[in-house]
Amino acid sequence: MWEKIKSILTTTKYQVRIGLAVVLIFLGGYNLFFIGDDEGHGDNISIKIESGMSTEEIAQNLQEHAIINNGLGFRILARLEGKDTQFKEGIYYFRVGMNINSVLDRLVQGPENQVVRITVPEGFTVEDIANLLEKENLTTKEEFCKVAKDYTPYDYMKEATENKDIKYAVEGFLFPDTYDIDRSYGAKQIMQIMVDNFDHRLNSEMRERAKEENLSIFELVTMASLVEKEAK
């Protein structure tokens, strides 16, 4: 009888301990795994996952950028769900304060071709465009303006570099339009798209008319810019 009583008490004691452990794990797990939301907040943050990176390195990178709140929780959940061997390399875009489950799911699915649509209004200067791109987290104003100083992919733009009063060689050549910009593009690639658009819009009729008026394309653009400034 006594042995049976001790057995019941012992079993009950372990059940209580197990129950407490489950509660503690649940509470701790909530803090480790479920704080944050699916989308996060703020600007996009680019994270590059390279071949051979360990789960610890990835977790540390995510936590340093405040994308997740706990790197240890990320590693534990990744191991428990068997996702730590399924991460795909590439460039990802996350936000601050994301749910660890959401981050894990994205890393397993692989990087998406994330495209941002921006509209450059008529009359926007190089610095205006740079501010717009920085706001969309596509590039920094500093980098865009740095490239803009002497970027002249077309011969008719080179005249701008000979004029000391011209701050940005591409000023006036970045066509105002709506663009779909891939987040993987750098400042120079974005600028090239806009300049190509300008060159495409400058049809043969307009080029011929400028030639008849004895105007270079650069002079044509400069005159148009002056007229626009006076109109403001």
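Taking the fewest neighbouring Cβ atoms within 10 Å as the starting point, the ordered list for PHE198, PHE74, PHE94 is PHE198, PHE94, PHE74. For segment 86-182, the number of Lys pairs with C-alpha atoms closer than 30 Å, counting only pairs eight or more positions apart or on separate chains, is 17.
Under a 5 Å amide H cut-off, with hydrogens placed 1.01 Å from N, ASP182 pairs with VAL116 among residues at least 5 apart or on other chains.
Determine, for HIS65, HIS41, the number of other Cβ atoms within 10 Å of each Cβ, and report the residues in order from fewest to most.
Numbers: HIS65 14, HIS41 10.
Least crowded to most crowded, the residues run HIS41, HIS65.
None of the figures in this text is laboratory data; all of them are computed from the coordinates on show. Predicted, not measured: the structure shown is a model, and the values here were computed from it. Heads up, the Cβs are rebuilt from the backbone with ideal geometry, glycines too, and the neighbour counts pull from every protein chain shown.
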